[in-house]
Every structure is written in structure tokens, then in C-alpha cells.
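Enquirer: The structure's right below; bear with me while I get my questions together.
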Amino acid sequence: MKKLLVFVSLCLITVNINAAPSFNAKVLRVGCHADQNTCFVYIDRDTPETQCTNDPRSIRWDGLNIKNAQSILSIFLVAQSSEKTVTFGRPTDVCFDNYPSFNWVDLNN
């Protein structure tokens, strides 16, 4: 029984270590630059554990060349207008123009 408990504990620790970091935030502002392909969202908290050196409350992404850029923009606009939070999923080293970025985003209830 003791061995089973140790095994299960180690499995849970391994899953937690390998999971990509994610965090929730409220969307304060959403926009895109007119003269380049950068879109941005300002959030109500600092991005945790970021390697990016620019503003940790400004999350940025390529608004033109990534596959779901328009869908991402829509998620942020809905979150801002409905005052819902979003969950950002990203490893700690994802940056866009040295601003924090993400691998996925989820609109919360």
C-alpha cells in the first residue's frame, strides 16, 4: 500500500512539472497596431515567470501570420466586453517582440 501511495504521488508530481504553465487574467484593453502585424491585450496582473523584458501586463501576438489570429482577437474582445477572464497557456520563454505571448487562450465562464 505504501508503495502504491509513493507511485501515485510521483506520477502527480511528474504531471505537474510537465504541464505548461497557465494563468488567468482579466482583459483591460485590446488592440492592434495599424502599421505592423502586432496585436496586444493589456491584463490586470503581471505575467508570471516570464523571460520577456518588456511590460509583463502587455501580452502580444502576431495578428497577421498565425493561423488563428482573428479568433484570438475575438476571444479577447468578448472577454473584455463581458468582463470575463481568460486563461493563457504558455511556456515561460514565449515572447513576441520581447513581450510575453502565449500558445493558447481560453475564455472562462
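The values are calculated or read from the model by the stated rules, or taken from the named source; none is laboratory data. Just so we're clear, the structure is a prediction, and the values are computed from it rather than from any experiment. Reconstructed Cβ throughout: ideal geometry from the backbone, glycine too, with neighbour counts over all protein chains shown.
Enquirer: Considering only region 55-69, how many residues are free of Cβ contacts under 8 Å to residues at least 40 places away in the same chain and within 15 Å of Gln36 (Cα to Cα)?
Expert: 6
Enquirer: Which count do you get for residues in region 61-100 that are closer than 16 Å to Arg45 by Cβ and surrounded by 13 or more Cβ atoms within 10 Å (Cβ to Cβ)?
Expert: Count: 13.
Enquirer: Related question: Among the residues of region 77-91, count how many are in contact (Cβ under 8 Å) with a residue 40 or more places away in the chain, over 16 Å from Ser22 (Cα atoms) and of a type in the set (A, V, I, L, M, F, W, C).
Expert: The total comes to 2.
Enquirer: Just to be sure I understand, how many residues within region 10-60 are modelled with pLDDT of 95 or more, among the hydroxyl-bearing types (Ser, Thr, Tyr) and touching a Ser or Thr at 6+ places or on another chain (Cβ under 7 Å)?
Expert: Qualifying residue count, region 10-60: 1.
Enquirer: How do the pairs read when you match residues in region 40-54 that are farther than 27 Å from Leu64 by Cβ with residues anywhere that are part of a loop (DSSP other than H, G, I, E, B) and of a type in the set (Ser, Thr, Tyr), using Cβ under 9 Å and keeping only pairs 6 or more apart or on different chains?
Expert: Listed pairs, sorted by first residue: Pro48/Thr92; Glu49/Thr92.
Enquirer: In region 72-95, which residues are polar (S, T, N, Q) and in a loop (DSSP other than H, G, I, E, B)?
Expert: Scanning region 72-95 gives a single hit, Thr92.
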